[in-house]
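The next block holds one structure in the form of structure tokens; read it before the comments.
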Amino acid sequence: MANMPDDDRLDLVEMRRQITNLRSQHSDNLLVTSRLNRFLVKIAFLSEPKDAAHVRHIRSEFARTLRGVEEMVSRSRSTKRPGIVKRPK
């Protein structure tokens, strides 16, 4: 998913495309779409990063956002286990 090279070039269009695609895949999960939308807003008007430190910061935020989304998705999968029925006491 995050196929970004580690040099100073940053493809913001590709980053936006990946985030938008991920948001579409999880459109039924409000927490995930909200998190992805917040990141999209952060990078929406950037045409290019200011310097190498800015590139590192954007990449770090992108990675943190993806990790957060993965955690949310895995938590929701573990709570929606099919076939398990809880019986009242």
Please go through region 27-39 and pick out each residue that is under 14 Å from T65 (Cα atoms) and open to solvent by 30 Å² or more (accessible area, probe 1.4 Å). L31, S34, R35, N37, R38
Return a yes/no flag: does region 55-65 have any residue that is among the β-branched types (V, I, T), open to solvent by less than 80 Å² (accessible area, probe 1.4 Å) and touching a His at 6+ places or on another chain (Cβ under 8 Å). no
With (1) assigned to a loop (DSSP other than H, G, I, E, B); (2) at pLDDT 90 or above as the list, and E70 as the residue in question, which single condition is left unmet? (1)
Which pairs do you get when a residue that is at negative phi and without any contact (Cβ under 8 Å) to a residue 60 or more places away in the chain, found in region 53-82, comes within reach of a residue that is of a type in the set (V, I, T) and open to solvent by less than 30 Å² (accessible area, probe 1.4 Å), reach meaning Cβ atoms under 9 angstrom, with the pair 6+ apart or on two chains? I58/I43; E61/I43; T65/I19; G68/V32; V69/V32; M72/V32; V73/V32; S76/V32
Name the single residue that is surrounded by the fewest Cβ atoms within 10 Å (Cβ to Cβ) among those in region 6-26 being under 16 Å from E71 (Cα atoms) and in contact (Cβ under 8 Å) with a residue 24 or more places away in the chain. H26
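The values are calculated or read from the model by the stated rules, or taken from the named source; none is laboratory data. From a predicted model like this one, the values you see are computed outputs, not experimental measurements. Cβ coordinates were reconstructed from backbone atoms using ideal geometry, including for glycine residues, and neighbour counts include every protein chain displayed. Note: areas computed on protein heavy atoms with side chains; ligands, DNA, RNA excluded. Shrake-Rupley method; radii C 1.70, N 1.55, O 1.52, S 1.80 Å.
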